[in-house]
Amino acid sequence: MSKVNQFTPDDHKAVTSAVSKAEKTTDGEIVTIVTGQSDHYGDVAWAISGLAALTALLVISLFPEIYLGIIDWLAGGWSGISALPYWALFVFTALKFFGTRLILIWKPLLFILIPPPIKKSRVRKRAISLFRVSTDHRTVGRTGILLYLSMREHRAEIVADDAIAAKVEPSIWGDAMVAMIDLVRSGAPGEGMAEAVRRMGIVLSEHFPKTEHNPNELPDRLIEL
């Protein structure tokens, strides 16, 4: 995945400090992860290229005279072709397919064309995968929770362990998510994550107040992928 470069040392300190402070009032264990993007979307780029090629083939079948004119021009007016041969159809569609795929190497354009539901699904899938590696079942009371931010998709996810999910509805995290995204959009991603952590800590302290002999089981530092 793409490496993040928007987070400064001060951002790391702000998020780590927010996690440490939040966990002083709760048995919940907050893990924070940020990444540049959640997927390479290579399959989506190939699918878009295929769609472009099929569209080109449809246009050729509807307006063959345009492409006959191109062939005639390339032949200097001596082509003598009155109908498109199969090789011409293959060449035009292949050029469209590979030309589109080449253009989509430019990530900004690709991300404009990726449908939002696909971005949302890939970010969620990546968040769950990272949760299973870094947080799931790694606390005695199953009170781990992951805050995940994917910068290029402009999306975030909160994934909670069993004990938290049983008591806190997903919608409860909405305020934390909105606060974070607003600050990320304004160019303050570190402050945004720190604010989300603070709000998550408030919710966790209500449902899982701090008890004695509860060790710090997961790292407080911001993990940058």
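Taking a point 7 Å out from the Cα of Ala166 in the direction of its Cβ, the residues of region 114-137 whose backbone N falls within less than 14 Å of it are 137. One entry in (1) 37; (2) 25; (3) 14 is percent of Cα pairs over 33 Å apart calculated from the shown coordinates; its label is (1).
Legend: calculated FRET efficiency, Ala94 to Arg124, from the Cβ-Cβ distance at R0 = 35 Å, rounded to 0.05, equals 0.50. When the trypsin sites (Lys or Arg not before Pro) in region 173-225 are filtered for DSSP coil states and for at most 15 other beta-carbon atoms within 10 Å of their beta-carbon, the remaining sites are Lys210, Arg221.
The accessible area of Asp162, taken with all protein chains in place and a 1.4 Å probe, comes to roughly 80 Å².
In the chain, the longest principal axis of the Cα atoms and the axis of helix 174-185 are about 60 degrees apart. For the pair Lys21 and Ser186, the difference between a 0.36 nm per residue extended length and the Cα-Cα distance amounts to 57.0 nm. For the pair Lys107 and Val133, the difference between a 0.36 nm per residue extended length and the Cα-Cα distance amounts to 6.6 nm. Cross-link partners for Lys21 among the lysines, with Cα-Cα distance under 21 Å and sequence neighbours closer than 8 places in the same chain left out: Lys13, Lys210. For the chain, DSSP calls about 45 percent of its internal beta bridges antiparallel. Averaging the sequence gap over all C-alpha pairs within less than 8 Å and six or more residues apart, then dividing by the number of residues, gives the chain a relative contact order of 40 percent. Phi angles of region 154-167 translate, via the Karplus equation with coefficients 6.51, -1.76, 1.60 and θ = phi - 60°, into HN-Hα couplings of 6, 9, 9, 9, 10, 10, 10, 6, 4, 5, 6, 4, 6, 10 Hz per residue; Gly and Pro are given as x. Amide H to amide H distances under 5 Å link Thr26 with Lys210, where only residues 5 or more positions off or on other chains count and H is placed in the peptide plane. Partners of Lys96 within straight-line reach, counting lysines whose Cα lies under 20 Å from its Cα and excluding those fewer than 8 residues away in the same chain: Lys107. Here the Karplus curve 6.51 cos²θ - 1.76 cosθ + 1.60, taken at θ = phi - 60°, turns the phi angles of region 21-28 into couplings of 5, 4, 6, 6, 10, 8, 7, x Hz, with x standing for Gly and Pro.
Against the chain, whose longest principal axis comes from its Cα atoms, helix 116-134 is set at around 40 degrees. Over the chain, DSSP H runs of length four or greater, each weighted -39,500 (n - 2.57), average out per residue to a 222 nm ellipticity of -18000 deg cm²/dmol.
Near the amide H of Glu153, within less than 5 Å, lie the amide hydrogens of Ser38, all on another chain or at least 5 residues away, with H placed in the peptide plane.
Backbone geometry of region 50-61 corresponds, through the Karplus equation with coefficients 6.51, -1.76 and 1.60 at θ = phi - 60°, to 3J(HN,Hα) couplings of x, 5, 5, 5, 5, 5, 4, 5, 5, 5, 4, 5 Hz, x marking Gly and Pro.
The values are calculated or read from the model by the stated rules, or taken from the named source; none is laboratory data. These numbers were taken from a predicted model, which means no experiment stands behind them. Neighbour counts run over all protein chains shown; Cβ positions are idealised from the backbone, glycine included. SASA here: full protein model, heavy atoms, side chains in, ligands and nucleic acids out. Shrake-Rupley method; radii C 1.70, N 1.55, O 1.52, S 1.80 Å.
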